[in-house]
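**Student:** Can you read through this structure? Questions will come right after.
The values are calculated or read from the model by the stated rules, or taken from the named source; none is laboratory data. Fair warning: this is a prediction, and the values are worked out from it, not measured in the lab. No Cβ is skipped: glycine too gets one built from the backbone with ideal geometry, and neighbour counts run over all protein chains shown. Please note that ligands, DNA and RNA were not included when accessible areas were found on the heavy atoms of the full protein model with its side chains. Shrake-Rupley method; radii C 1.70, N 1.55, O 1.52, S 1.80 Å.
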Amino acid sequence: MTMDTPKQHSLFNHITSRELNAFRVRKRPRMDGFVSGFNEIGALAVQHNAQDTIPLSLSFCKTSKYSHILALSDEDGYVSLFNTRRNFPVAATFEQNAEEAKICDWVSHLNAVFDVCWIKEDTQILTASGDQTMKVWDVQERKCLGVLAGHTGSVKSMCSHPTNAGSRDGSFRLWDLRCKTTSRSRRGEPSICSMAIVKGAHLSSQAKRVRRGKAASMSITSVLCLKDQVSIATAGAADSVLKFWDTRNLKSIVTQTCPCPQPTEEQRLHGISSLSQDDRGLFLSASCMDNRIYLYNILQLDKGPLKSFSGCRIKSFFVKSAISPDASHVVSGSSDGNAYVWQVDKPQEEPTILKSHDGEVTAVDWCCSEVGKLATSSDDLTVRVWNKNSYICKTKCASAIRRRVMAMPSIECKILLNNEEMYPKSDDKAFLFNEAPDCPIKSHVPITPPKMNISECHTNQLSSGLDPTGSSEKTPESTLKSPSSVLNPPSSLKRTIRDYFLASS
């Protein structure tokens, strides 16, 4: 029997072995501290008295002070308020998350509430219901301040300033909340009558007849007040046409637009489920039943949609979409149980798919001050809150974070490296009693992204495309033609969007 003697490994032999055996250098590990896309930060069950119910509408507060407060309406007629800055433990159930984050709830209608909207600096809430009425609520007192009556069908959509609503009866109405009335509803609540009405606003002459001779739906599915404060956009279930009205003269439309300049009968019959606009009011998104989201420039409606986004499935009018306040993203629900997020400047790229829900995703909304934060609701009886990941995920790697935050101010770097809580728990009572909540970020220095050098060619592309923040030389001519001159006209030129519609025709 022979014994094997260990081989002598010299430096030369080691190097030779590496060459002969094709030694491969180990790949650099992926940075765990950085994740792009959207991350679910919490899921809430929608229930009352241990009974689950279907959420129908979502709305974040519109002021930066309370922008983290989310209002939710549901099929049982409740309005619930949630604090989305609460910590949502991974091990907690949806019911526990809802109990921890809920600020309050109350019964607003004895029927389903299809839409909810904040008004009056987030001190009041409007609700639209299947009982054919809208109501104005004092949030602190949870008291009905007025009932807006007049519709003869379920109120599906509404928009404030002035209060107006669209209904399944095919009409939209306007109310002035400053009007005082002595009349009362059957429940003793103050009743306010509408000041204007447009009937048959979206009747389609090419609507197909269905069985029993009943005409296709004439419902108005969405209404939207534009930023000039006198124009209204409406959309309906009968076709994909968007109509624009001047509230000072509602006898006829100002203009209209649709996805196709000369649509076929089949294309025209795809209804619109929702409308939304960015904070500047320059871009308008419309979710269409042809499974596309269309993006329009308010000042170029005669050119049709600038871009369209596909990938989602819109099989019911409960599926909504919304453009982000900064006009950088569009989010949409979908009948396949997912939510989809597109970048506005990259419509051809595949959307980010938010996969957590187990049922049709319906209502969606963006937070106005926390960039990249949004909420989605679904027929799976839950609401989920998402955040856009810019530099951190749950499993933090210290070296990765340190590399990532080098361009940030020193105080924010310290917060991230020390793993401090960026959003401390705020006092819910401060919202209900109109007190100032804790500052959402401990630092007094705003987080500012590093400046980027953009080539002249790229700048020209942005200025001719969809860049809402692009600036041009402020000559008298450019000032008059700029979007800001329409949405915020100078006192000497009291122009409205109507003037620009006429000028472009």
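**Student:** Taking residue 114 and the conditions (1) open to solvent by less than 20 Å² (accessible area, probe 1.4 Å); (2) assigned to a strand (DSSP E or B); (3) of a type in the set (A, V, I, L, M, F, W, C), which numbered condition does it fall short on, given that it satisfies the others?
**Tutor:** (1)
**Student:** Further question: Inspect all residues belonging to segment 121-140 and state whether any of them is hydroxyl-bearing (Ser, Thr, Tyr), under 22 Å from the mean Cα position of the chain (by Cα) and more than 16 Å from residue 53 (Cα to Cα).
**Tutor:** yes
**Student:** Just to be sure, is residue 166 within 27 Å of the chain's Cα centre (by Cα), buried (at least 21 other Cβ atoms within 10 Å of the Cβ) and outside any strand (DSSP E or B)?
**Tutor:** Judged against the criteria, residue 166 is not a match.
Results for (1) over 14 Å from the mean Cα position of the chain (by Cα); (2) open to solvent by 10 Å² or more (accessible area, probe 1.4 Å), shown as yes or no for each residue.
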| position | (1), (2) |
| --- | --- |
| 297 | yes, yes |
| 300 | yes, yes |
| 308 | yes, yes |
| 333 | no, no |
| 341 | no, no |
| 350 | yes, yes |
| 354 | yes, no |
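**Student:** Go over the candidates 71, 98 one by one and state the one that is under 28 Å from residue 156 (Cβ atoms), in a helix (DSSP H, G or I) and modelled with pLDDT of 95 or more.
**Tutor:** The conditions single out 98.
**Student:** Only residues that are within 30 Å of residue 168 (Cα to Cα) and among the acidic types (Asp, Glu): list them for segment 84-120, please.
**Tutor:** The answer is 105, 115.
**Student:** Here is a follow-up. Scan segment 182-202 and report the pairs whose first residue is farther than 23 Å from residue 247 by Cβ and acidic (Asp, Glu) and whose second residue is modelled with pLDDT of 85 or more and not in a loop (DSSP other than H, G, I, E, B), with Cβ atoms within less than 9 Å and a gap of 6+ or a chain change.
**Tutor:** Here the result reads 189/135; 189/144; 189/145; 189/146; 189/147, each pair linking segment 182-202 to a residue that is modelled with pLDDT of 85 or more and not in a loop (DSSP other than H, G, I, E, B).
**Student:** I'm trying to understand the selection: among the residues of segment 310-331, which are assigned to a strand (DSSP E or B) and open to solvent by less than 50 Å² (accessible area, probe 1.4 Å)?
**Tutor:** 321, 322, 323, 329, 330, 331
**Student:** What tally of residues in segment 332-357 results from selecting those that are modelled with pLDDT of 95 or more, under 24 Å from residue 115 (Cα atoms) and in a loop (DSSP other than H, G, I, E, B)?
**Tutor:** 6
**Student:** What residue, among those in segment 27-61 that are farther than 24 Å from residue 325 by Cβ and acidic (Asp, Glu), is modelled with the highest pLDDT?
**Tutor:** The residue in question is 52.
**Student:** A further question on this structure: Of the residues 235, 215, 207, which is among the small types (Gly, Ala, Ser), touching a strand residue (DSSP E or B) at 6+ places or on another chain (Cβ under 9 Å) and modelled with pLDDT of 90 or more?
**Tutor:** 235
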